[in-house]
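> Please find one structure pasted underneath; my questions will follow.
Any read-out appearing in this document is the output of simple, stated calculations on the displayed coordinates, not a laboratory observation. This is a predicted model, so every value here is computed, not measured. Positions of Cβ are backbone-derived with ideal geometry, glycine not excepted, and every protein chain shown enters the neighbour counts.
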Amino acid sequence: MRADVITIFPDYFAPLELSLVGKARAMGVLDLQVHDLRTWTSDVHRTVDDTPYGGGPGMVMRPEPWGQALEAVGDGTLIVPSPVGKPFTQADAYEIAGLDHLIFACGRYEGIDQRVIDEAAARMPVREISLGDYVLFGGEVAVIVIMEAVTRLLPGVLGNASSLDEESHAAGLLEAPVYTKPASWRDREVPEILRSGDHGKIARWRRDQSLLRTAARRPDMMASYPRESLDKADRKALDEGGFRITPPAVAE
Ligand code: SAM
């Protein structure tokens with residue numbers, strides 16, 4: 001995967017040289033290039049912003065440097081972090097992980113002149129993505145979040161790719177709690193069943209915990225979890241945990 005990030009703060013992206021994203025880059029799975037938007041300015045002050053048409057507070061990013069920057073990196077899928085975008089989910093991460101060329105446009109101030117996004121959308125797919133219902137100073141942190149979520153899905157990046165399947169949000173549920181050694185710590189014991197060696201029972205326990213956690217912490221996720229994916233044992237676990245799940249409607 002190739003990813004071009006355009007920003008006025010290239011130094012922000014130092015974390016993407018570390019850990020597994022750094023490893024993915026070293027392996028050649030991810031070719032991530034960070035570009036300084038000011039490269040494409042033409043005045044002595046390297047200006048990228050101006051006052052908003054229509055008045056109001058703050059500044060808006062001018063279209064000319066953005067137009068040139070986007071031409072320089074070529075076409076791909078343009079990702080514009082924005083509080084007006086679609087909230088980012090694991091499903092988006094999977095979709096984005098399947099793309100060949102990502103271009104990230106990091107807004108600052110009051111955002112980027114809308115014409116930049118409209119013009120880009122006329123020649124390539126554009127995804128405006130929000131990290132959540134709050135406002136950040138700029139798109140840089142959002143790009144780091146998106147690239148962390150996407151890079152771990154790229155082939156060969158995780159040692160044990162099967163761990164992805166049971167993770168929170170992989171299949172509409174939260175993951176069960178996890179434990180490691182020692183078996184006893186400050187009078188707190190690892191659940192006996194996890195030490196039993198009985199893989200069937202361990203799988204059942206994890207499934208139950210996953211269902212109960214999701215029902216308790218994220219009723220919204222539980223409500224949209226497909227009812228036909230809940231078997232008898234799942235329903236029993238939820239029932240015993242005090243969560244009543246309406247059975248699927250029977251077709252007439
Ligand atoms: N005036 C804009 C608004 O109210 O929608 C907010 C601009 S914000 C101060 C500057 C930049 O930060 C945005 O252009 C965007 O790139 C980024 N940003 C802010 N909040 C974000 C969020 N929740 N998700 C993704 N990016 C965000």
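> Which three extents, in angstrom, do the Cα atoms of the range 1-95 have along their principal axes, listed largest first?
45, 32, 24
> In whole Å, what three semi-axes, largest first, describe the equivalent ellipsoid of the range 113-186 built from its Cα gyration tensor (square root of 5 times each eigenvalue)?
Values: eigenvalues 262, 57, 28 Å².
After scaling each eigenvalue by five and taking roots: 36, 17, 12 Å.
> Could you derive backbone 3J(HN,Hα) for the range 92-106 from the dihedral phi with the Karplus parameters 6.51, -1.76 and 1.60 (θ = phi - 60°), listing whole Hz in sequence and x where the residue is Gly or Pro?
Running phi through 6.51 cos²θ - 1.76 cosθ + 1.60 with θ = phi - 60° gives 4, 4, 4, 4, 5, 5, x, 8, 8, 9, 9, 10, 9, 10, 8 Hz.
> Let me have the relative contact order for the chain, percent, based on Cα pairs under 8 Å that are six or more residues apart. Numbers along the way, then the final one.
On the way: 342 pairs, mean separation 44.1, N = 252.
Reported relative contact order: 18 percent.
> What's log10 of I(q)/I(0) for the chain at q = 0.17 Å⁻¹, Debye sum over Cα points only, no solvent?
-1.24
> Quick check: convex hull of the Cα atoms in the range 191-251, volume per residue, rounded to a whole Å³? Working shown, then result.
Values: hull volume 5.3 nm³, N = 61.
Looking at the range 191-251, the number lands at 88 Å³ per residue.
> Report the label-to-label distance for SER229 and ALA216 in nanometres (one decimal), using points 7 Å from each Cα along the Cα→Cβ vector.
Rounded to a tenth, the inter-label distance reads 2.1 nm.
> Could I ask something else about it? Sum -39500 (n - 2.57) across every DSSP H segment of at least 4 residues in the chain, then divide by the residue count to get the 222 nm mean residue ellipticity, nearest 500.
Values: 8 runs with 82 residues, N = 252.
My calculation for the chain gives -9500 deg cm²/dmol from helical runs alone.
> A follow-up question, please. Can you give me the distance in nm between label points at TYR134 and GLN33, each placed 7 Å from the Cα along the Cα-to-Cβ direction?
It is 3.4 nm.
> Related question: What ranking do 99-109, 198-208 get when scored by the average of other Cβ atoms within 10 Å per residue, highest first?
Details: 99-109: 20.6, 198-208: 13.8.
So the peptides 99-109, 198-208, ranked by packing, come out 99-109, 198-208.
> Quick one: which residues, 5 or more positions from LEU32 or on another chain, have an amide H under 5 Å from its amide H? H modelled 1.01 Å from N in the peptide plane, none for Pro or chain starts.
Those lying under 5 Å, H to H, from LEU32 are ALA3.
> Under the rule a/c < 1.5 gives rounded, and otherwise a/b versus b/c splits prolate from oblate, where does the range 45-97 land using the Cα gyration tensor? Before the final figure, lay out the partial values.
Values: a/c = 3.73, a/b = 1.51, b/c = 2.48.
Oblate.
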